[in-house]
Amino acid sequence: MIPNQTTLPKKTGKVKFFTTLAMLLIIIITSAVITDVDFWQLFMNVGQAGYILDQMSRPDWSYVSIVLGPLVETIRMAILGTAFGALLAFPFSLYVARNMESNKAISSVLRFLMNIIRTIPELLLAAVFVAVFGIGPFAGIIALAIFSFGMVSKLFFESIETIDEGPIEALKSSGANRLEIMRYGVIPQVISYYWNYVLFAFEINIRASAVLGYIGAGGIGIFLQRALSQVRYDRVAVIILIIFVVVLAIDYVSNKVREKLL
Amino acid sequence: MATTQAIAEQRPVIQLVNVNKTYPNGVQGLKDLNLSIGQGEFVIVIGLSGAGKSTMLRSINRLNEITSGDIIIDGQSITRAKGKSLREIRRNIGMIFQSFNLVKRSSVLRNVLTGRVAYHSTLNMILGIFPKKDKEIAYEALKRVNLAEKVYTRADQLSGGQQQRVSIARALAQEPKIILADEPVASLDPITTERVMDDLLRINRDLGITVLVNLHSIELARKYGDRIIGLRGGELVFDGPTAEATDSTLRAIYGEAILEEEDNKGEA
Ligand SMILES: Nc1ncnc2c1ncn2[C@@H]1O[C@H](COP(=O)(O)OP(=O)(O)O)[C@@H](O)[C@H]1O
Ligand SMILES: [Mg+2]
């Protein structure tokens with residue numbers, strides 16, 4: 001028996017919880033005041049939300065046949081963007097991984113550039129490319145390719161840096177050259193990670209691709225933008241539903257494949 | 001044993017001439033080493049941890065650069081070889097590692113086939129095109145280490161001893177003149193140790209491949225070696241037929257520690 005331990009010590013968590021809550025409220029209210037939020041209007045808009053929801057609950061099914069083409073374009077943009085980016089990321093990662101005996105100066109410059117690319121949001125990229133190449137899917141594909149390149153490269157070269165160096169040494173001692181060492185000592189160890197990251201990028205790109213059209217970079221997004229500006233929430237509902245179904249389906253398949261890979 | 005000595009005098013396949021190796025941190029791995037190893041010899045290199053056994057073996061196929069001196073493989077200086085000619089010399093030297101160094105996710109056959117890579121054009125190798133003959137060579141090599149039935153098994157599904165025998169098959173697939181084994185049994189239990197050492201001995205006897213094995217254990221060295229080479233502090237301190245490596249001789253060179261070495265295997 002534990003002697004004399006009669007009173008249960010107080011939990012310290014409660015005080016902490018309330019101070020956190022108070023702090024949060026203060027932060028929200030001050031930022032609302034600073035940014036001029038009109039609480040009255042916020043309240044009024046709730047009424048409008050009712051109207052929107054009402055319209056959305058009666059989708060314009062005839063619109064499906066019109067947005068099917070753009071939907072395919074969106075998927076195609078995502079596929080091409082992912083493919084181009086991932087294709088480039090493969091040799092790039094093999095070059096810049098620190099354990100691959102590449103030129104140190106060149107690979108750190110390349111890594112630096114890649115990190116810069118990764119900080120640019122893809123919407124911004126797409127906006128720039130729409131300005132450069134004009135409205136259409138090409139701008140979207142390039143933006144998605146650059147985004148996928150950055151993402152897959154980063155994840156993939158970090159995986160390469162964690163491999164078992166033993167097989168590399170074995171290949172080297174058998175007289176293999178650098179490319180052969182990569183092909184038989186490195187790639188078999190990391191190829192499943194690569195496909196995993198490519199599919200992951202694709203999942204993200206499908207969502208991004210749907211949004212990109214909104215700023216004129218091709219695909220279904222432009223129809224979303226149009227329906228919204230025409231206040232046709234019955235059509236907005238159709239588009240959102242379709243995107244939802246496609247994203248879910250692709251995520252499902254992709255997840256199944258990735259489970260198999262690892 | 002007398003016969004292998006005689007052959008050794010006829011035709012050295014490995015010659016070390018005044019070899020020195022100083023690591024960048026100043027540690028002297030090898031000190032003025034002179035050695036000649038003949039075609040078909042089974043040589044065992046002994047010495048305490050840090051004696052320079054690995055450094056010596058890895059200098060022979062130039063996984064290590066040496067600081068001065070020369071190493072001559074089958075009449076050709078590997079020290080001065082560059083690019084393709086260096087790789088061609090390496091192709092004739094199979095290497096076996098303590099940690100097996102297999103690609104664990106690949107099949108046994110894939111792993112053994114990598115021993116053939118240096119024989120073909122880079123383009124064919126990138127595309128993964130091995131001639132049919134190579135698969136036969138790989139399969140033969142697996143039969144030699146009694147692992148023919150594991151040909152399509154993933155390497156990581158095998159036991160340590162089996163993995164080491166796959167790595168022997170990989171070295172054999174190179175059709176090498178020399179096999180270097182750096183503590184090949186240090187992470188294996190006594191029974192698998194015996195199988196692996198038996199395989200190495202059989203390869204030496206049947207195929208006439210020169211075998212050089214680094215070992216911790218004096219007992220194993222005596223059981224398998226024709227000739228024993230002793231290193232201490234990077235220097236050659238013993239070189240002679242196994243019969244001369246008696247307890248008292250070794251004790252005189254190394255002190256008591258060398259005879260107890262088996263008990264503390266946990267070495268880098
Ligand atoms: N890469 C390295 N850098 C610096 N010193 C090393 C390196 N590798 C080995 N050494 C040193 O060289 C000496 C010989 O090492 P090694 O050849 O591994 O001995 P052994 O294989 O006989 O245990 C040791 O003192 C070791 O610490
Ligand atoms: Mg060693």
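The table below gives the values:
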read-out	value
Where GluC sites (Glu not before Pro) fall in DSSP loop in segment B:18-118, at most 16 other Cβ within 10 Å	B:GLU65
Residue-normalised accessible area of segment A:82-194, given per residue in Å² at a 1.4 Å probe	44
Chain B, accessible area per residue, ligands and nucleic acids excluded (1.4 Å, Å²)	42
Average silhouette area of the protein assembly as shown, convex hull of alpha-carbon atoms, in square nanometres	41.0
Surface share of carbon and sulfur [accessible, 1.4 angstrom probe, percent] for segment A:64-261	71
Positive-pole candidate from B:ASN111, B:GLY208, B:THR122, dipole of chain B, charges at beta carbon	B:THR122
Packing rank of A:161-171, A:40-50, B:233-243, A:199-209, where each peptide gets the mean count of other beta carbons within 10 Å, highest leading	A:199-209, A:161-171, B:233-243, A:40-50
Interface burial for A against B (accessible surface, 1.4 Å probe, total of both chains, Å², rounded to 100)	2100
Cα gyration tensor shape of chain A, rounded if a/c is under 1.5, else prolate or oblate by comparing a/b with b/c	oblate
Alpha-carbon gyration tensor eigenvalues x 5, square-rooted, for segment B:99-175, Å	20, 13, 10
Residue of B:ARG165, B:ARG251, B:ARG116 that the Gaussian network model of chain B assigns the largest fluctuation, springs spanning Cα pairs under 10 Å	B:ARG251
Members of segment B:122-152 that become less accessible by 30 Å² or more once partner protein chains are added (1.4 angstrom probe, chain alone as reference)	B:THR122, B:MET125, B:ILE126
GNM result for chain B, Cα springs below 10 Å: residue of B:ASN124, B:ASN34, B:ASN61 fluctuating most strongly	B:ASN124
Amide proton proximity set for B:GLY29, modelled H, under 5 Å, gap of 5+	B:LYS21, B:THR22, B:TYR23
Integer Hz, Karplus 6.51/-1.76/1.60 couplings in order for segment B:105-113, x for Gly and Pro	7, 8, 6, 4, 4, 3, 4, 5, 4
Rel. contact order, % - alpha carbon contacts under 8 angstrom, at least six apart, chain B	26
Burial of 30 Å² or greater, segment B:60-106 residues [accessible area, probe 1.4 Å, versus chain by itself]	B:LEU63, B:ARG87, B:ARG90, B:PHE97, B:ASN101, B:VAL103, B:ARG105
Model label zone, B:GLU260; criterion: amide N under 16 Å from point 7 Å along Cα-to-beta-carbon; scope segment B:38-60	B:48-49
Given charges at beta-carbon only (K, R positive; D, E negative), |dipole| of the protein assembly as shown in Debye	1220
Accessible area of segment B:126-170 belonging to carbon and sulfur atoms, whole % at 1.4 Å probe	49
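The values are calculated or read from the model by the stated rules, or taken from the named source; none is laboratory data. Just so it is clear, the model here is predicted, and its values are computed rather than measured. We place every Cβ from the backbone using ideal geometry, glycine too, and count neighbours over all the protein chains shown. All accessible areas refer to the heavy atoms of the entire protein, side chains included, with ligands and DNA or RNA removed. Shrake-Rupley method; radii C 1.70, N 1.55, O 1.52, S 1.80 Å.
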